[in-house]
Amino acid sequence: MSGHGSEHLQRSLGRLIGLQSLALERQQAQLAEQQRLCERVQGTVQRLEALSAQASLSGTVLPGLAQNGAAYKQAMLAWADQQRQELAHREAELALARNATLALARKKESLQQLLDRVDQRLHLEGTRREQKRQDDLALQAWGRR
């Protein structure tokens with residue numbers, strides 16, 4: 001590949017890596033948001049379970065209050081089950097987001113490695129051109145003697 005073509009490839013790869021970096025940053029932000037959401041839902045489940053446990057502890061002698069407490073406990077347990085289902089759904093989305101983030105990071109890394117090889121090739125071509133120029137100058141100087 002010519003020096004000009006390599007330089008064009010180098011610029012194109014640089015731009016592509018920049019775009020890939022932006023996509024990776026957005027994906028990482030989305031991943032962090034999904035992790036926070038999972039933590040929030042997990043906290044809700046824990047609080048609901050604690051509330052239902054407290055409803056069991058407050059045994060009362062009055063039948064109306066006992067019935068009310070049992071209904072409250074059932075409502076808290078049902079809500080906790082709903083939140084566990086939500087958590088399972090969110091955790092599945094989180095796993096997908098992690099995989100997408102890893103895929104973007106791998107793609108960016110492979111592009112960076114390609115850019116590094118192009119940079120090395122350009123450096124080597126430049127070194128060869130300079131050496132050839134120096135050799136030509138030395139040959140001309142030697143021919144003038």
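The values are calculated or read from the model by the stated rules, or taken from the named source; none is laboratory data. Keep in mind it's a predicted model, so treat the numbers as computed, not measured. Every residue, glycine among them, receives a Cβ derived from its backbone with ideal geometry; neighbour counts consider all protein chains shown.
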Open item on the list: If Y72 meets every condition in (1) surrounded by 14 or more Cβ atoms within 10 Å (Cβ to Cβ); (2) under 30 Å from S6 (Cβ atoms); (3) at pLDDT below 95 apart from one, which number is that one?
Closed with: (2)
Open item on the list: When you scan the range 65-86, do you find a residue that is of a type in the set (S, T, N, Q), within 26 Å of A103 (Cα to Cα) and under 35 Å from the mean Cα position of the chain (by Cα), even just one?
Closed with: no
Task: Conditions (1) acidic (D, E); (2) closer than 30 Å to G18 by Cβ; (3) under 27 Å from the mean Cα position of the chain (by Cα): number failed by E91 - done: (2)
Open item on the list: T127 - would you say it is of a type outside the set (A, V, I, L, M, F, W, C), assigned to a helix (DSSP H, G or I) and more than 20 Å from I17 (Cα to Cα)?
Closed with: yes
- [ ] Sort out which residues of the range 83-134 are among the β-branched types (V, I, T) and either surrounded by 14 or more Cβ atoms within 10 Å (Cβ to Cβ) or in contact (Cβ under 8 Å) with a residue 60 or more places away in the chain (or both), and write them in order of number.
- [x] T101, V118
